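Structure record follows, encoded as structure tokens.
The values are calculated or read from the model by the stated rules, or taken from the named source; none is laboratory data. What you see is a predicted model; the values in this text were computed from it and never measured. We place every Cβ from the backbone using ideal geometry, glycine too, and count neighbours over all the protein chains shown. To get the accessible areas, we keep the full protein, side chains included, count just its heavy atoms, and leave off ligands, DNA and RNA. Shrake-Rupley method; radii C 1.70, N 1.55, O 1.52, S 1.80 Å.
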Amino acid sequence: MENKEKIKFIDNENYQICSGFIRSIAAFIDFFLIFLIFLIISLFFKSYIFHLIDLKINTLINNNINVSNVNMYSNDIGVSDLLSGIKQSFGIFVSEFKFLFYILILMYFSFWGMIISFLFIGKTPGSKIFKLKLFDIDVRTREADLTQRVIRVIIYLADFFFIFGLGTLYSIFNKDKRGLAEIVSGTIALRRK
């Protein structure tokens, strides 16, 4: 019991509390660098990726609308012509904007690449540039463990998708610059002095 009270709070003399602004810049650098890596790698497979996009879209177009079932009810109003026109328009749209879909796919993989880098390596390029580390809130000399990092990422994703970043925005008003994800996971982002 006495030992728990002794280690209730141990400060880190080599690190200071990091502002949300610097953490945001580090996250942007992470995403941008990982996106560039995926872009360079994907250039070798670009034609294959475009082929996969074509196959997926063609399958989607052909399987979602069964024209033979519609034809039974569409003798008077020409629904099958309308549906085939929609299919053609969608196909033209996809072929025109195939590069946009390609970039969106790369962005998706870059986002998850950044998360995987943070979870399993514990450091991302942006955090190395700004000398950031994630520590346990009570014992600030001990780095956050994998469980704490996983909880933090899950709360960040929930914050981003469900409450539109309000949990992260809370870090502006918190004295330790901790957002909802850090509070729930029991962590704090610190920057080397």
What about Leu180, is it touching a residue at least 40 places away in the same chain (Cβ under 8 Å), out of contact with any His (no Cβ under 9 Å at 6 or more places or on another chain), surrounded by 16 or more Cβ atoms within 10 Å (Cβ to Cβ) and of a type in the set (A, V, I, L, M, F, W, C)? no
Can you find, within region 21-58, the residue that is modelled with the lowest pLDDT among those that are more than 19 Å from Met107 (Cβ to Cβ) and open to solvent by 70 Å² or more (accessible area, probe 1.4 Å)? Asn58
Any idea which of Thr147, Thr124 is farther than 19 Å from Asn12 by Cα and either modelled with pLDDT under 85 or touching a Lys or Arg at 6+ places or on another chain (Cβ under 9 Å) (or both)? Thr124
Just to be sure before I move on: is Leu82 modelled with pLDDT of 65 or more, surrounded by fewer than 17 Cβ atoms within 10 Å (Cβ to Cβ) and of a type outside the set (D, E, K, R) in the structure I sent? no
